Amino acid sequence: MVPVDLRATILVRGLAYERNLATETGALKLVILGEASGSSSRDAVAFDTKVRSLAERFTVGARAIRSRRVTFVNPAQAMTAIREYDADAVYLAAGLESAASSLGDRLISDGRLLMCGSSTAVGRGCALSVEVHDNRPRLVVDLDRARRAGRNFDARLLRLARVVQ
């Protein structure tokens, strides 16, 4: 698995290559889901810490980046928190892959993008993740899922990624 700092950097910077997110107005809002304790909690905390650091020096288009960590209890509770925050994208911490399908389908209907800590969730609800390939990190994009959520990634990004259809 790609270390969380690098994973966060790649995923957040990759959002700048999504044409709609980069041109919308207001802050880009990201919800980070992890359980109250355990490995998904540690992943969510580390991811959020890195996102906040990136937000100090990086934007998506002209949009500042804001994040909110939410304790994951179940998909319905998570969707309530995501909608209340009006998140553009959601990060599902490594260890919560079993929730990707249910969350991914609900997020698509809202036009929100699901990013996952584990690349095994791509194709099972998650639209974006990062994997190790030839000892290097590589973005993984479920292009069909991203498009169904109304997202349109730049071809320059897709050439560097493994695209799942």
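The values are calculated or read from the model by the stated rules, or taken from the named source; none is laboratory data. Computed from a predicted structure; not experimentally measured. Glycine also receives a Cβ, built like all others from the backbone with ideal geometry; neighbour counts cover every protein chain displayed. Each accessible area value is taken on the protein alone, full model and side chains, heavy atoms only, with ligands, DNA and RNA left out. Shrake-Rupley method; radii C 1.70, N 1.55, O 1.52, S 1.80 Å.
Just a few scattered comments:
- Evaluation of Arg124 against (1) touching a strand residue (DSSP E or B) at 6+ places or on another chain (Cβ under 7 Å); (2) farther than 17 Å from Leu30 by Cα; (3) modelled with pLDDT under 95 (one fails), failing number: (1)
- Look at segment 1-12: where a residue is acidic (Asp, Glu) and a partner is open to solvent by 10 Å² or more (accessible area, probe 1.4 Å) and at pLDDT 95 or above, sitting 6+ places away or on another chain with Cβ atoms under 8 Å, you get Asp5/Ala46; Asp5/Lys50.
- Among (1) free of Cβ contacts under 8 Å to residues at least 40 places away in the same chain; (2) of a type in the set (Gly, Ala, Ser); (3) at positive phi - the single one Ser53 does not satisfy: (3)
- Filter pass, Leu30 being modelled with pLDDT of 95 or more, part of a strand (DSSP E or B) and in contact with a Ser or Thr (Cβ under 8 Å, 6 or more places away or on another chain): yes
- Looking across Asp86, Asp134, Asp144, Asp105, one residue alone is within 18 Å of Arg7 (Cβ to Cβ), out of contact with any helix residue (DSSP H, G or I) (no Cβ under 8 Å at 6 or more places or on another chain) and surrounded by fewer than 23 Cβ atoms within 10 Å (Cβ to Cβ). It is Asp134.
- Scanning segment 46-73 for residues that are open to solvent by 60 Å² or more (accessible area, probe 1.4 Å), under 23 Å from Ser119 (Cα atoms) and either among the polar types (S, T, N, Q) or in contact with a strand residue (DSSP E or B) (Cβ under 7 Å, 6 or more places away or on another chain) (or both) gives Thr49, Arg52, Arg68, Arg69, Thr71.
- Qualifying residue in segment 122-139 (condition: assigned to a strand (DSSP E or B) and small (Gly, Ala, Ser)): yes
- Looking only at segment 63-92, and only at residues there that are in a helix (DSSP H, G or I) and among the β-branched types (Val, Ile, Thr), the one that is farthest from Leu33 (Cα to Cα): Thr80
- Within segment 7-26, being in contact with a helix residue (DSSP H, G or I) (Cβ under 9 Å, 6 or more places away or on another chain), open to solvent by 30 Å² or more (accessible area, probe 1.4 Å) and not charged (D, E, K, R) holds for Thr9, Ala16, Tyr17.
- Test for Ala100: is it of a type in the set (Gly, Ala, Ser), modelled with pLDDT of 95 or more, under 22 Å from Arg162 (Cβ atoms) and assigned to a helix (DSSP H, G or I): yes
- Within segment 108-118, the set of residues being crowded, with 24+ Cβ neighbours inside 10 Å and either among the small types (Gly, Ala, Ser) or in contact with a Pro (Cβ under 7 Å, 6 or more places away or on another chain) (or both) comprises just one member, Gly117.
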